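The values are calculated or read from the model by the stated rules, or taken from the named source; none is laboratory data. As the structure is a computational prediction, the values presented were derived from the model and not from experiment. Quick reminder, even Gly has a Cβ in these numbers, built from the backbone with ideal geometry, and neighbours come from all protein chains shown.
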Amino acid sequence: MSTISVEHREQLLYLLAEAAEVEHCLMCTYLYAAFSLKGQDAEDLSPDEKAAVARWRQSITEVAIEEMTHLTMVSNLMVALGGGPNFARPNFPVVRGYFPSGVVATLRPFSRETIDHFVFLERPDSARLSDAAGYEHAAYRRPEVHGRLMPSAQDYETVGDLYRAIRGGVEALSERVSEEACFSGRGSTQVGPLDLGLPGLELVSDLASARRAMDTIVKQGEGSEEVTEGCHFRRFEAIRDEYSGLLARRPGFSPARPVAENPVMRCPPDPAGKVWITDPVAVPVMDYANALYALMLRLLVQCFGRPPSEARRKSTLVEAAIQVMHLIAPLAEYLTRLPASEAHPGINAGMSFAMLRSVAQRSWLAERARSPRRTRSSRRRDPLSRSCRRCCSRMPRKRPLRHRMPAQRPSRASRRLRLLQRRVHRPKSQPPRRVATASRS
């Protein structure tokens with residue numbers, strides 16, 4: 001059981017912010033493993049092995065999408081309690097002490113150890129499991145501090161423990177200050193199922209909806225007291241068991257590419273456990289993928305806090321974020337086929353999911369969205385165009401991304417008004433333009 005104490009609203013929002021960062025980190029680690037899996041063009045895989053790898057990629061991606069649902073619902077809960085959404089997180093690998101010692105967040109390709117680690121992270125409270133080899137837990141504790149105005153970090157065994165402590169804190173705050181005062185944030189300023197089609201997403205407006213949101217998060221994945229079919233723990237167990245069976249039939253079975261662990265974009269002060277990507281072809285691809293990821297986060301953050309009068313702008317932001325999501329996956333998969341650097345022969349690059357210091361700016365989203373666009377002459381000089389053009393041309397987009405924001409695009413009513421003004425103020429000496437027809441001779 002959880003020993004976390006929640007004494008005031010500030011402590012509750014602090015714990016929710018940490019829960020959002022945990023969900024965000026888990027989503028990135030799952031996607032990184034999925035991107036490293038080989039495709040249908042792999043010559044060293046049999047048809048049965050290719051089918052299994054495709055199922056694993058789909059299952060891990062679905063889990064990552066549900067982690068995005070959890071991140072959005074935690075942000076909805078923070079907004080309902082009077083706070084704001086939190087889409088920030090630490091860069092990989094997460095330093096020791098930021099999370100409890102049992103939560104190790106690193107970017108690693110798909111392997112037996114990686115799947116064992118995912119099973120450990122999603123374990124229920126009743127399971128007594130050890131983490132996978134290579135995921136060492138440092139011996140430290142984050143001591144609990146009581147009776148202070150400032151919130152502090154507290155330890156928990158599983159992510160389910162954290163959510164149960166949050167649930168108890170929400171119930172206690174609602175009883176102490178009244179339910180109406182507890183949920184002071186408006187539900188219309190959140191992101192709901194009508195805005196974003198994520199499985200299980202709902203708005204939070206009272207104690208009952210808050211309980212449902214937290215129950216959905218725990219039952220779908222982290223630390224559920226009862227293991228249900230389709231939860232993250234069962235999915236990763238199924239992948240691990242099938243992987244073990246295929247390895248027993250062919251010990252040389254290798255479903256993933258040799259992707260770097262914890263790739264970084266610049267030379268790290270402490271290179272231990274990181275791979276600095278320096279290949280001239282991989283560098284611009286990695287930079288482009290990370291820039292799209294940062295733009296997606298900015299777009300999602302701007303979806304919160306919009307009143308009903310800005311529903312059109314909100315839907316445009318959501319649509320743009322979804323389009324950017326579709327751009328990231330093929331770039332990230334293509335990156336795992338490129339070499340990392342000469343200093344690491346035989347190791348391929350990977351997307352680092354680099355975070356900006358802030359994702360909350362509003363005024364220059366359109367400018368940032370247009371920045372990846374280059375002139376024809378610059379594309380000739382850029383190795384990205386030669387190495388990645390074919391990948392980008394296959395990106396699944398139903399329609400092109402609109403880089404201009406609604407505030408910069410005139411509405412239909414304003415266009416009609418402008419046309420009417422031109423008709424009214426047209427000089428009388430200027431007859432209406434007609435299409436000339438050639439006379440028959």
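Tabulated data
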quantity	calculated
Members of segment 307-338 that are at pLDDT 95 or above and over 17 Å from Tyr293 (Cβ atoms)	Arg337, Leu338
Single match in Gly102, Gly82 (criterion: out of contact with any helix residue (DSSP H, G or I) (no Cβ under 6 Å at 6 or more places or on another chain) and at positive phi)	Gly82
Residue check for Gly97: assigned by TED's automatic domain parsing to the domain that holds Leu203, touching a Phe, Trp or Tyr at 6+ places or on another chain (Cβ under 7 Å) and loosely packed, with under 14 Cβ neighbours inside 10 Å	yes
Extreme residue, nearest to Ala181 (Cα to Cα), among residues of segment 44-89 that are of a type in the set (Lys, Arg) and crowded, with 19+ Cβ neighbours inside 10 Å	Arg89
Among (1) over 23 Å from Tyr32 (Cα atoms); (2) among the polar types (S, T, N, Q); (3) part of a helix (DSSP H, G or I), the one test that Thr228 misses	(3)
Inter-residue pairs, beta-carbon under 8 Å, first within 20 Å of Glu122 (Cα to Cα) and not assigned by TED's automatic domain parsing to the domain that holds Glu171 and in segment 1-20, second acidic (Asp, Glu) and not in a loop (DSSP other than H, G, I, E, B), 6+ apart	Met1/Asp161; Ser2/Asp161; Ile4/Asp161
Residue within segment 172-183 that is assigned to a loop (DSSP other than H, G, I, E, B), assigned by TED's automatic domain parsing to the domain that holds Arg57 and in contact with a helix residue (DSSP H, G or I) (Cβ under 6 Å, 6 or more places away or on another chain) present	yes
Failed item in (1) in contact (Cβ under 8 Å) with a residue 60 or more places away in the chain; (2) of a type in the set (Gly, Ala, Ser); (3) not in a loop (DSSP other than H, G, I, E, B), with Gly200 passing the rest	(3)
Total residues in segment 296-316, condition under 19 Å from the mean Cα position of the chain (by Cα), touching a residue at least 40 places away in the same chain (Cβ under 8 Å) and over 16 Å from Asn91 (Cα atoms)	10
Count - residues of segment 55-83 that are of a type in the set (A, V, I, L, M) and over 21 Å from the mean Cα position of the chain (by Cα)	2
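Residues are listed down the side, and each one gets a yes or a no for (1) under 17 Å from Ser352 (Cβ atoms); (2) in the same structural domain as Leu77 (by TED's automatic domain parsing); (3) not polar (S, T, N, Q):
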| site | (1), (2), (3) |
| --- | --- |
| Asn290 | yes, no, no |
| Ala294 | yes, no, yes |
| Leu317 | no, no, yes |
| Ile322 | no, no, yes |
| Tyr334 | yes, no, yes |
